[in-house]
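Scroll down for the structure; my scribbles are underneath it.
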Amino acid sequence: MKAVPPNYQDFELVIKKILTKNAKPHHHHYFELIYILQGEGKHIINGNQFEYKKGDLFLLNTDDQHTFKTAIPTELCIIDFTGSFFTFIRSDEKRNYQSSGFFEQMEYIFNNQYRLKGNIVTNENDKQLTEILIERLLWEKEKNEYGKDEVCRNIVFLLLQLITRYIHTHSIFPVKTKRAERVVRDIINYIHQNIYNKENIKIENIARRFYKSKDHISLYFKKQAGITLKDYILSYKLELAKTRLLYSDLPVASIASELDFADESHLNKLFKSKLGVTANAYRKRNKNE
């Protein structure tokens with residue numbers, strides 16, 4: 001498959017005014033970022049109500065049903081990630097197929113999105129930066145200057161970096177102390193950031209990174225998080241595999257290779273064991289829904 005560099009068509013930028021106070025809940029085929037340009041009200045996501053105001057930012061996935069109840073007339077900037085974005089892959093000397101760093105950034109966010117609740121720009125400095133980035137994105141769309149595609153892509157990438165940082169600061173598991181929470185969060189973030197590096201995510205190397213013995217870090221993580229390190233790494237790899245199956249055209253064998261499974265058969269056995277279907281069957285079933 002010929003490689004095509006990511007471009008502005010990987011996402012669509014829409015300005016939308018909400019005219020009705022009580023629109024019906026709906027969902028989208030792909031992920032989207034919603035920035036509140038102006039207005040106030042309640043953003044209802046999967047039945048949960050979140051107050052919104054100018055400057056708030058929301059990330060929705062394909063499973064989210066949402067609508068708005070406006071208190072003050074509302075205008076949105078919506079960044080929709082399109083199908084072409086998710087099917088983007090490139091060749092690599094070491095692998096038959098490999099997704100871009102941009103895709104991997106999105107992939108990380110999608111697989112940690114359950115840590116995002118409502119508005120994801122809570123820091124005042126991040127709010128100011130987000131406003132500047134959105135204003136520039138809209139300016140680029142309006143003016144159609146030379147290099148617009150690359151500039152827009154990089155602006156969106158910066159927004160994703162802010163979301164990634166937000167995810168890093170929010171814990172996943174209920175742990176007993178703030179210190180334990182910080183350590184577990186750091187271990188998990190390290191795993192996520194190094195998931196494609198076989199050596200870095202070996203238990204002994206994770207232990208060395210956090211100045212603990214192999215046995216100690218395994219016991220510590222299990223005690224605090226309720227799951228072994230080995231099982232956590234495997235479960236995260238399977239989540240990444242599920243994302244690849246649904247949002248790319250990568251062959252199952254290539255997904256298995258990227259995530260360091262022995263081969264396609266190994267990945268299929270794990271899917272069958274954990275989900276009751278093979279990887280190919282999972283892709284076919286969920287893409288047809």
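The values are calculated or read from the model by the stated rules, or taken from the named source; none is laboratory data. For clarity, every value in this text was computed on a predicted model and none was experimentally measured. All Cβ positions, glycine included, derive from the backbone under ideal geometry; neighbour counts span all protein chains shown. Surface areas here come from the heavy atoms of the whole protein model, side chains and all, with no ligands, DNA or RNA. Shrake-Rupley method; radii C 1.70, N 1.55, O 1.52, S 1.80 Å.
With the requirement that a residue be open to solvent by 90 Å² or more (accessible area, probe 1.4 Å) and part of a helix (DSSP H, G or I), what does the stretch 137-149 give you? The answer is W139, K141, E142, K143.
One residue stands out among those in the stretch 241-271 that are open to solvent by 10 Å² or more (accessible area, probe 1.4 Å), in contact (Cβ under 8 Å) with a residue 60 or more places away in the chain and in a loop (DSSP other than H, G, I, E, B): the one that is farthest from T62 (Cα to Cα), which is D260. Being open to solvent by 40 Å² or more (accessible area, probe 1.4 Å) and outside any helix (DSSP H, G or I) holds for only one residue in E204, E181, E199, and it is E199. Mind checking whether some residue in the stretch 274-282 is of a type in the set (D, E, K, R), closer than 26 Å to D63 by Cβ and in contact (Cβ under 8 Å) with a residue 24 or more places away in the chain? Yes: the stretch 274-282 contains one or more residues that are of a type in the set (D, E, K, R), closer than 26 Å to D63 by Cβ and in contact (Cβ under 8 Å) with a residue 24 or more places away in the chain. Checking the structure you have, find out if any residue of the stretch 219-228 is among the aliphatic types (A, V, I, L, M), in contact (Cβ under 8 Å) with a residue 40 or more places away in the chain, part of a helix (DSSP H, G or I) and closer than 20 Å to Y196 by Cα. No, because not a single residue in the stretch 219-228 is among the aliphatic types (A, V, I, L, M), in contact (Cβ under 8 Å) with a residue 40 or more places away in the chain, part of a helix (DSSP H, G or I) and closer than 20 Å to Y196 by Cα.
What is the one condition in (1) part of a helix (DSSP H, G or I); (2) open to solvent by 50 Å² or more (accessible area, probe 1.4 Å) that Y232 does not satisfy? It fails just one condition, (2).
Looking only at the stretch 209-221, decide whether some residue is surrounded by 14 or more Cβ atoms within 10 Å (Cβ to Cβ) and under 28 Å from A279 (Cα atoms). No. The single condition among (1) over 22 Å from L138 (Cβ atoms); (2) open to solvent by 20 Å² or more (accessible area, probe 1.4 Å) that T67 does not satisfy is (2).
Could you go through the stretch 150-168 and let me know if any residue there is more than 17 Å from the chain's Cα centre (by Cα), among the basic types (K, R), assigned to a helix (DSSP H, G or I) and modelled with pLDDT under 85. For the stretch 150-168, residues more than 17 Å from the chain's Cα centre (by Cα), among the basic types (K, R), assigned to a helix (DSSP H, G or I) and modelled with pLDDT under 85: absent. Within the stretch 1-37, take every residue that is modelled with pLDDT of 65 or more, of a type in the set (D, E, K, R) and not in a strand (DSSP E or B) and give me the one that is nearest to the chain's Cα centre (by Cα). Per the criteria, the residue is K24.
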